[in-house]
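Structure, as structure tokens:
What follows is calculated from the coordinates using simple rules that are stated; it is not laboratory data. All of these numbers come straight from a predicted model, not from anything done at the bench. All Cβ positions, glycine included, derive from the backbone under ideal geometry; neighbour counts span all protein chains shown.
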Amino acid sequence: MVPRDSKSSVAAFWLTVLLVVLLALVASSVTPAQQIIEVGDRSLNCLDDPHCMNRIHPAIPMTARAKPGDTIVFHTRNASDFDLDPDAPRDPRAGVPGFGNVHPVTGPVYIEGAEAGDVLKVRLLDIAPGPWGFTVISPAGFISDQISGLRVVWHLNREFAVSDDLPGVRLPNRSFPGIVTVLPGQEQHAAMARREAKLLEAGGTVNPPTPSFAAPEEICGPEGSHPDECLRTIPPREHGGNMDIRYLQAGVSIYLPCQLEGCGLGIGDLHFTQGDGEVSGTALEMDATVTVTTELIKSGGQLPRGPHYEGPSTLLDIPSRSFYATTGFPLKSEGDVPRDMAYLESPKVAKLMNLSKDIALAARNALLEMIDYIVETYGYTRRQAYIIASVAVDLRIAQLVDAPNVGVTAILPTDIFVGRE
């Protein structure tokens, strides 16, 4: 017989061995905890925040590093880069006329393992709105040659936005980033700069590189290394940028083409809500905290014409149980020249009353018809109706084939008007 003490020792030994094996198996099956990387400081102006840029250039240094799968938290500032609290003192380096400081973008973040030719998949996990927002009629608005001069301040929470400037309107939260971008490569940047310079020389609408109030100053500022090369963030380009697509909400994945090592991911220009078109030149602009994660697709294709995205189809719906819509076609008065066609100096345009397949003119007419409807039905001024259209009305293509009159429809979600039957 084995003594009892010996039996206990043997049992204890094998129990220890079993525990060691089990712990090893558990350890081998558990993935190491992913990091959380935080980028951006909203207490600072973009010019003072080392994690902020408002220009695009491949020489802009990376401000943080993240591995694919890490959680990245972007603390973003509103498009005009000023403190939205009505009681806060104005920062003299913010709200500069002439769009000098538009848009502050948090980043760029170096994604480890990313190389030129890869595709970066960015999944939007959460967007937390700040407490305040604004909408203005900008000179860059779609019909701001006809309606101008109003600023609306909004009170925000996780569910809806209201404004003392627009009584009777309540907008549901449909937050999204206007800007999701990577940095362009040297070759791509040079090609973009050349084509925009040619368009500007021809009289087209272009915002050329300007070093005033540019960030980062050491690269893009007046005394920087590339003061006349840093592209503005105002237009989107093949690498992403200011796409202003209202469907890029939490739950969506965006595919961006990496054009240099590390990609250089940046996010900014957050909107609480927006109508398709952002027609006044601004949406409901806000500060926000954006949480994302990334995935690298090696040799995933060049995406030569621009980013792709995917997500749940519910995000394509209007935020309302009912709607009212207007339509527009490319019709005009004889003698008129649409302002965006004036640079072409065509002798034919002014004489015509109908332009062939001009989708911009059709959209303009649908929008003007909708503004008239809001004024007549709900009693708002034309300026207020223009703001409502920018944050809530969707301009959608009806058809592109029925020449000469392609069609656009403007869709108004009527549930935004509270206290009305």
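Structure notes:
- Prolate/oblate/rounded label for the range 88-209 (Cα gyration tensor, a/c 1.5): oblate
- Entries in LYS121/LYS298; LYS121/LYS198; LYS198/LYS357; LYS198/LYS351 that, when Cα-Cα distance is taken, lie over 22 Å: LYS121/LYS198; LYS198/LYS357; LYS198/LYS351
- Label-point separation, ARG123 to LYS298 (7 Å along Cα→Cβ), nm: 2.0 nm
- Approximating the spin labels as points 7 Å out from Cα along Cα→Cβ, the GLU201-to-ARG396 distance works out to 4.3 nm.
- For the peptides 241-250, 312-321, the ranking by packing is 241-250, 312-321, with the highest mean count of neighbouring Cβ atoms within 10 Å listed first.
- For the chain, hydrophobic long helices are taken as DSSP H runs at least 24 Å long by C-alpha position along their axis with mean Kyte-Doolittle hydropathy of -1.0 or more; these are 4-29, 359-378.
- Among the GluC sites (Glu not before Pro) in the range 106-184, those located in a DSSP loop and surrounded by at most 10 other Cβ atoms within 10 Å of their own Cβ are GLU159.
- ARG170 versus MET353: modelled label distance in nm, points set 7 Å from Cα along the beta carbon direction: 4.7 nm
- Order by protection proxy (mean Cβ within 10 Å, highest first), peptides 323-333, 67-77: 67-77, 323-333
- The protection proxy used here, the mean number of other Cβ atoms lying within 10 Å of each residue, ranks peptides 262-269, 299-306, 184-191 as follows, highest first: 262-269, 184-191, 299-306.
- Reach of LYS332 by Cα under 18 Å, taken over aspartates and glutamates that are not fewer than 8 positions away in the same chain: ASP145, ASP340, GLU345, ASP358, GLU369, ASP372, ASP402
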